[in-house]
Each structure stands twice: as structure tokens, then as C-alpha cells.
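Taking it in order: structure first as C-alpha cells, then the write-up.
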Number of protein chains: 2
Amino acid sequence: MIERTRATAKDDVRSLNQGAVFQVVHRHGPVSRIDIAARLQLSPAAVTNITSDLIERGLVYEARKDDERGGVGRRRILLEVAYDTASVAGIKVSNAGLTCALTNLNAEVLSARHEPLPETDPDTVVDAICAAFAALRSGADRPLAALGVSLPGLVDVDRQTVRHSPLLGWDQVPLGRLLQERLGVSVLVENDVDALALAEAWFGFGRTHDSFLVVTLGRGVGLGIVMNGEVYRGPNGGAGELGHVLLEANGPRTRYAAPGTVESFLSDDALVREARARVAGFPEDGGVELVVDLAERGRDDALDVFEDYGRALGRTLSLLVNVFAPSLIVLSGEGLRAAELVLSSAQAELRRLAFGDLAEHVELAFEPWGDDAWARGAAALAASRHLTETAISARGD
Amino acid sequence: MIERTRATAKDDVRSLNQGAVFQVVHRHGPVSRIDIAARLQLSPAAVTNITSDLIERGLVYEARKDDERGGVGRRRILLEVAYDTASVAGIKVSNAGLTCALTNLNAEVLSARHEPLPETDPDTVVDAICAAFAALRSGADRPLAALGVSLPGLVDVDRQTVRHSPLLGWDQVPLGRLLQERLGVSVLVENDVDALALAEAWFGFGRTHDSFLVVTLGRGVGLGIVMNGEVYRGPNGGAGELGHVLLEANGPRTRYAAPGTVESFLSDDALVREARARVAGFPEDGGVELVVDLAERGRDDALDVFEDYGRALGRTLSLLVNVFAPSLIVLSGEGLRAAELVLSSAQAELRRLAFGDLAEHVELAFEPWGDDAWARGAAALAASRHLTETAISARGD
DNA sequence: CTCCATTTCTTAATACGCTGAATGAATGAT
DNA sequence: ATCATTCATTCAGCGTATTAAGAAATGGAG
């Protein structure tokens, strides 16, 4: 439920209500003024006033009249956000390279690309991001409003600084400042999982949920927490380290994860480890793709690996369900290439371990997976920021 | 950080700012008008206006001048909440009986009592609560503003109804309505752990934290989640079922808890089970008190039981720390009779299992334990509600 | 001891955005 | 064609916050 929030005086009542109206238009699709008024308990007069401002500034437009609703009376005029007035760029950084996407302001991907990274030191990465951004910009037919960058590790969102990223080997890198200086466009930096959570909250399944969780499966296991429409990072950041939660004291080993942790069961590494151990003739250099391939061809031993994977996933989800009692968990990440293979055992285990009927009230959503999903998350950062900032900046100009 | 929130027009801007100002006075102790203005980014004039209203209505008073701060200039006049203008009652219901407390509006216990319950059916309990309330009322020297009732189980806070309580054997009991009709005073019903979390947020350690966790140890294991100053119950309630999280697939059995769950390690039952198994000559009918007693006398085998208990506690906390990265965890409940005995192994295990340096940033607080702590939580419900309602009810009367 | 600088609190004048009521616009029913 | 209905807009009035100026309280300089 959207409510008008963060009231008051200097940072005026107006900007507040403007933001709330905009949020309603964004989240509840094409919507009439009278609906907005009812939803926000605001007078129709105020809505007219506010929306005319938003329309004038090009953020919102009158899409069409509402022909669905019959009955007498004047037709409602439906308002919609002008998502195509600008585009934004999103770049996800990992040691595997840069994944880049250009999207509109609704985080719909217009184009995507991947750039390998020779090294992951800050200088190289900054150079590569600048090059990738230039390439994206040249392919854009609309003004490129902002750049979102996401990466694994601890990020200080306010200072746009990477506090600590083991995977990249970074500490205290002021990435936002470095890029902003070179690109002359506003840059946002965020943890990769939190960016994905934000993307879901603004443009994905979370659009209609106030609080929900995002679980990412891939090289590692991540958790994004959204509560009351805001991404929860913890008082000092660092929340959502689901991958490091201990599941079994005497659990299996993996190259990177501590034994028995969630990642020792659910990371790509773990999957390959199990395949090597249990799938007959699995080659030494085989990867996740091969396990998926074998299973999809119906190889029983490979299917068993996925069944166990699903069981561990279900157990992990049960932990979250018992703690958060969420109405939605979005599953995403490369680890879901074979979502169908793990789903049934995951759900069975979740039902078995969740308290009471909590499991019945959870919607499990699978984010259709593509290479650009992470980059889309990064772009969503930029899109959401751009929308809020221009929607609220009010009558100063 | 308190911010002025939930703005707008019909439910006026004023009530909003009034609430925010009141919150600052409550949370930041005796505080001057100028401090309030700075903290809320509100003009001094507005603060004068608002506080004079609060003072007139008897919610706040001018405590004294600030003599601590030296320097030139007029002394600041410190404002404080008038906590002693009314009292509230709190009653915690469990199958062991009613625990009752009378407190002022700062949740400071004025008197407490315990009533045994012959049966736990709704009629008996309602009768008993009414009797207990009458007893509390007769002992009060100030008007008794409201009654808070807390109990284990799933509570619909808005409808003041107990949706499901296995321990009491209740389903869909409209407890709030039943009591309100008979007592003619406003009644609040809440889950026991959430009430405790609210109490900590308003009147305890959480007063200076925006987000934190409360873990209760006793017959069961509970979790209260406070985020951004609000108790999180989940979209449909039922959040915080920490006790039912599976720790070890092949974990120990207990009478009530599923094998391997947190409660199978950390409930009172679990402690007694371990004592029976490992403490030489432990009597068949010995309880928790006896284990504590033996350990405090230095019996090694009893101390070992507590060391293991602490280890399981540390592991459970590590789970929460990895997920929430909280800055504060408040530990409370009967299970902490022997807090010193479990602390060191708990902290060691927490440090071992928490990701990176997350454990270093967590403050573990032990709520000094007494019989009336649960009842104080229930009273805090009533106190917080009374304060917000009278503080915000604005200029209508 | 008086006067001034300083800081806090208060009062007065002004501005802003919301509400409510009246009006206008668009459509179905009679 | 006219009316009832519903959505949108216009305008007067009002409440609350801001700014600016003044009053109150205090330390220090002359």
C-alpha cells in the first residue's frame, strides 16, 4: 500500500504528495485521477493540481480513456508514467566481466552486451565501465539519464563507495566518484543482490508487494530483503549474507564456502561437486551446464543431484519462511537454469519444514533468467533514482 | 532516526508533526525545543507552537533548565514526557497462568502479581483477566488508561483477535472485543514476543536503535523483529517463528519441538533433556532450576550442559546476524536465568559462524529477567498506544 | 554595575498547498 | 433533446509552516 510519507514543511508537503501520486501511477499502471485520490485519501482537486504538474514536466501522460468500465458518466482519463522519455544504463561487475544493459525507465531491456575483464583492479574496471558506457550511449536513441553499477560485496550506498569486495579484491574504492568524474552523468553504486531486490520492488514481482525476499542462486547465494517498499541493508549494511548461514555442522566442503553453509549446498561449485561424486562418467572439467544437460536428457543420476539440490533449497527457504513469513519469494540467478528440475523437491521440503501453514501463503516466483538480468538490476537502480528525483524535484526550476 | 512521517492533508500535517515532536521528546529524553527543531528539520517557531499544545494537553512538561551546557546565551528549557499522569495494565496469558503488571506510561512497573489459571478456555481466561484487572485498578493511584494483553500464538492486531494459539488451544477468539465490553477500557491484544519487541523499541534497549531483534528463550524460542521503528509481523502475520527453524537434520528430539529445530536445542525441555542425559544423578523430576543450581555450584557436568546450550545459542544468533546484520540483539526470557553460564560459548560460536566481522558490530543485550518482564511487555503495548493516540489526537476536542 | 554579544524561545506577517463547493465536461438513459 | 451521473477543474478559504523580528535569559567586557 502506498501512503504519503515523510511529511512536512521545508521539504514541502507538496513534493511529498507529488512523490506519492507518482508512485501510484507507477505501481498501479494506467490509473485515473479519481482512483489516485481515493487511494491516497487526497482530494480530487489536489490530484488534478499535482498531476498537471507531473504532466507538464513530462513524467506522466494521459494514455487513453477507460473504455472497460461501462456505466454512465464521463470516462476516466488514464494516466501512465512516461517510461520512454529517457533511457538508463546498468552494468554489473564481477570477476567474469561486465554485463551491460540499456533499458527504458521501466527497466525494459533495449540492448545488452557483455565485456570480458582482463583484470579486476579498480583502474581497469573503471576504464572498462567507461568504455562500455560509451558503447551503450552511442546505441541509445534517447537521452541517457544515469548509470547504475552493481557488484558483489559491501557497498556504502550513500557515499557511493565499495567498502569491501572479496571477489574483486577491493577495499574502500570510491567507484561512484571515479565514474562520475569521467562520465559526467549521475552514477549509482549498489550491491548486486540489493540492486536486484530493488529492481523487483520497482519493476518486477515486488511491484504489488510491500515486503518480500529475493534469493539469488549462482556462484554464491544471496538474499535481498525488501520491507515496506525499502531495501533493508541493516544498520551498517551487510544484511542478507544467506550463503554463509550454517545449515549442517558436518556439511560438505566447497572450494570457497565454509563447510556446511548454505553455499556449500547451493552454489554452482556445490552442484558440480555432487555431479562429480554421483554422476557416472562425469568429466573432471565438466561444469554446471553439463549437469543441467544430462538431467534434461533424463539421466537419473543427474536428476538425483538436482533433487537433492532442490531439497537443500527448500530447507533454506524454510528458514526464511519461518523467520519472515513472507508472501513472496523471488528466485533468481544462474543457478536456476534448471528451475523445473528442483522445484518439486524444493517445495516439498519447504512445506515439510515451514511452521504450520506458512508455506501455503508464500508465492514462489522465478525470475525468467537471462544473462542481462543482473545488468537489468543495475539499470533499475538508475531508473528508480531518476524517476524519484525528477518526480519530486518540484517547483524549483 | 525519527523522521516526520505519513504526511498529508486531511489527517493533517499538524498531527503528523505533533507525533514526530512527541517521539523525539520520548526517545531523546529531556530535550530542548531547539534540539527538536534541529533533529526534525523543523523551524523553532513551529516547535514552540507544537510543544505548547502538547504541554497544554498535559502530555509534556518543562522539566528544568539545562545547566550542564556552559557558554553564553539563554539556557535551554528541557522538555520531558509526563509519564506519570496515568498508569496502564499489562497481562500476559499463558497456560501457566496470568502474569500481571501495573506500570506508568514509561513502562516502569509499579506493581505486579501472578494469578494461576485453572483452565485455559476463553471464558475462564476472560473472567480471570477481568478479575486481575480489577485488582490492578484498585491498587492504582492514577487513572488506568488502557490494558494490554499478550499471549503466545498468532494474533490479528487490527481486529484484536487471537487467530490461533496452540498452547492455549484457541482459534479465532475475539479477545479484545470480549474484554473491552466487560471492562469499558481500551484493550490491546498482541503476540507475546511482539509485545516484548515493542516494549524494547519504545522503552528498552531499542529506544536508540531503529532496527533490532529480540530473542526470547524459555519454554519455546521466539523472535521479535523491529525494523525502522516498527514491529515486523510479516504480510499475514506469523513472522519470527525462530524456534521452528531446522538447525540439524538429525538433531535431538524434544517433547514439543520437531527434532533438530532451534527449540530442540534451546527450549527449557531441551536443557532438562541434556541434564538428564549428562549430569550424574540428575533426578527424574528435576527441572531447569535444578540444572542452573548445580551449574552455579560449580558442577562440571552441569556447566558442560550450559556450554553446549550457549554454543547452540551462538549458532542460532549467527543465523540471524548473517541474515539481518543487526546492530542490536536483545536476549530475554526465562531461559536466561543463567546468562553468565552461556554467554562466553555463545559469543565464541557467534563469532566463529558470523560472516566476516558482522559479529563485532552486534551488541548483545540481556534484558534483566524477572517474572514481570512479559507483563511489562503487555503493559508497554497499552502505554505506547495511549501515548501515540493522545499525542496525535490534535485539536479536535 | 551596565551594556553588549549570544543563544533560546516567542510573536507577527507571509506563503503555500490542501479542502470543499461550485462549475464544466463527457457519457448513458429516458 | 434533456437529465442524471461521473470525472475533472476552478476558486475561495483555511490551517500550518516559514521567515523575520523581537523578547527573555545569560556570560563577559569595559
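The values are calculated or read from the model by the stated rules, or taken from the named source; none is laboratory data. In this text the structure is predicted, and so the values were computed from the model without any measurement. Note: ideal-geometry Cβ built from the backbone for every residue, glycine included; neighbour counts use all protein chains shown. Areas reflect the complete protein model, heavy atoms only, side chains present, ligands, DNA and RNA absent. Shrake-Rupley method; radii C 1.70, N 1.55, O 1.52, S 1.80 Å.
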Item to complete: Please tell me if B:Val93 is part of a strand (DSSP E or B) and either surrounded by 14 or more Cβ atoms within 10 Å (Cβ to Cβ) or away from DNA strand D (no atom under 16 Å from the Cβ) (or both).
Response: yes
Worksheet item: Residue check, B:Ser345 against (1) more than 14 Å from chain A (Cβ to nearest Cβ); (2) modelled with pLDDT of 95 or more; (3) surrounded by 22 or more Cβ atoms within 10 Å (Cβ to Cβ), all met but one. Which one?
Response: (3)
Worksheet item: For the range B:325-342, which residues satisfy the criterion of being in a helix (DSSP H, G or I), open to solvent by 20 Å² or more (accessible area, probe 1.4 Å) and touching a residue at least 40 places away in the same chain (Cβ under 8 Å)?
Response: B:Glu334, B:Leu341
Discussion item. Checking the structure you have, find out if any residue of the range A:108-121 is in a helix (DSSP H, G or I) and either hydroxyl-bearing (Ser, Thr, Tyr) or within 25 Å of A:Gln23 (Cα to Cα) (or both).
Written reply: no
Discussion item. Please verify whether B:Glu289 is outside any loop (DSSP other than H, G, I, E, B), under 27 Å from the mean Cα position of the chain (by Cα), farther than 21 Å from B:Leu196 by Cβ and among the acidic types (Asp, Glu), treating the condition exactly as stated.
Written reply: yes
Discussion item. Looking at the range A:73-88, can you tell me whether even one residue there is among the hydroxyl-bearing types (Ser, Thr, Tyr) and within 11 Å of DNA strand D (Cβ to nearest atom)?
Written reply: no
Practice prompt. Name, by its number, the condition in (1) within 14 Å of chain A (Cβ to nearest Cβ); (2) away from DNA strand D (no atom under 16 Å from the Cβ); (3) of a type in the set (A, V, I, L, M) that does not hold for B:Ile392.
Written response: (2)
Response to the item:
Those residues of the range B:168-184 that are in contact with a Gly (Cβ under 7 Å, 6 or more places away or on another chain) and not hydrophobic (A, V, I, L, M, F, W, C) come to a total of 0
Worksheet item: Any residue in the range A:37-57 that is within 16 Å of DNA strand C (Cβ to nearest atom), in contact (Cβ under 8 Å) with a residue 40 or more places away in the chain, among the acidic types (Asp, Glu) and more than 14 Å from every other protein chain (Cβ to nearest Cβ)?
Response: yes
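For every residue, the table says whether it meets (1) within 16 Å of DNA strand D (Cβ to nearest atom); (2) assigned by TED's automatic domain parsing to the domain that holds A:Arg33; (3) surrounded by 13 or more Cβ atoms within 10 Å (Cβ to Cβ).
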position	(1), (2), (3)
A:Arg57	yes, yes, yes
A:Arg69	yes, yes, no
A:Arg113	no, no, yes
A:Pro122	no, no, yes
Item to complete: Mind listing just one residue for me: the one in the range B:27-45 that is in a helix (DSSP H, G or I) and open to solvent by 30 Å² or more (accessible area, probe 1.4 Å) and, of those, nearest to DNA strand D (Cβ to nearest atom)?
Response: B:Ala45
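Each row is one residue, and each column tells you yes or no for (1) part of a loop (DSSP other than H, G, I, E, B); (2) open to solvent by 80 Å² or more (accessible area, probe 1.4 Å); (3) under 21 Å from A:Asp357 (Cα atoms); (4) polar (S, T, N, Q).
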site	(1), (2), (3), (4)
B:Ala132	no, no, no, no
B:Arg137	no, yes, no, no
B:Arg142	yes, no, no, no
B:Ala145	no, no, no, no
B:Val162	no, no, yes, no
B:Asp171	no, yes, yes, no
Response to the item:
Checked the range A:350-365 for anything under 19 Å from B:Gly251 (Cβ atoms) and either at the interface with chain B (Cβ under 10 Å from one of its Cβ atoms) or charged (D, E, K, R) (or both); matches are A:Arg352, A:Leu353, A:Ala354, A:Phe355
Worksheet item: Residues in the range A:269-276: is at least one in contact (Cβ under 8 Å) with a residue 60 or more places away in the chain and assigned to a helix (DSSP H, G or I)?
Response: yes
Discussion item. Among (1) in the same structural domain as A:Val21 (by TED's automatic domain parsing); (2) without any contact (Cβ under 8 Å) to a residue 40 or more places away in the chain; (3) touching a strand residue (DSSP E or B) at 6+ places or on another chain (Cβ under 9 Å), there is one condition A:Ile77 misses while meeting the rest; what is its number?
Written reply: (2)
Practice prompt. Could you list, in sequence order, all residues of the range B:71-87 that are farther than 22 Å from B:Ala146 by Cβ and surrounded by 14 or more Cβ atoms within 10 Å (Cβ to Cβ)?
Written response: B:Arg76, B:Ile77, B:Leu78, B:Leu79
Discussion item. Among the residues that make up the range A:310-329, is at least one of them more than 14 Å from chain B (Cβ to nearest Cβ) and closer than 30 Å to B:Asn236 by Cα?
Written reply: yes
Practice prompt. Please specify each residue of the range A:230-259 satisfying the condition of being more than 7 Å from chain B (Cβ to nearest Cβ), assigned to a loop (DSSP other than H, G, I, E, B), without any contact (Cβ under 8 Å) to a residue 60 or more places away in the chain and out of contact with any Leu (no Cβ under 8 Å at 6 or more places or on another chain).
Written response: A:Asn250, A:Gly251, A:Pro252, A:Arg253, A:Thr254, A:Arg255, A:Tyr256, A:Ala257, A:Pro259
Worksheet item: Within the range B:205-215, how many residues turn out to be at pLDDT 95 or above and more than 11 Å from every other protein chain (Cβ to nearest Cβ)?
Response: 2
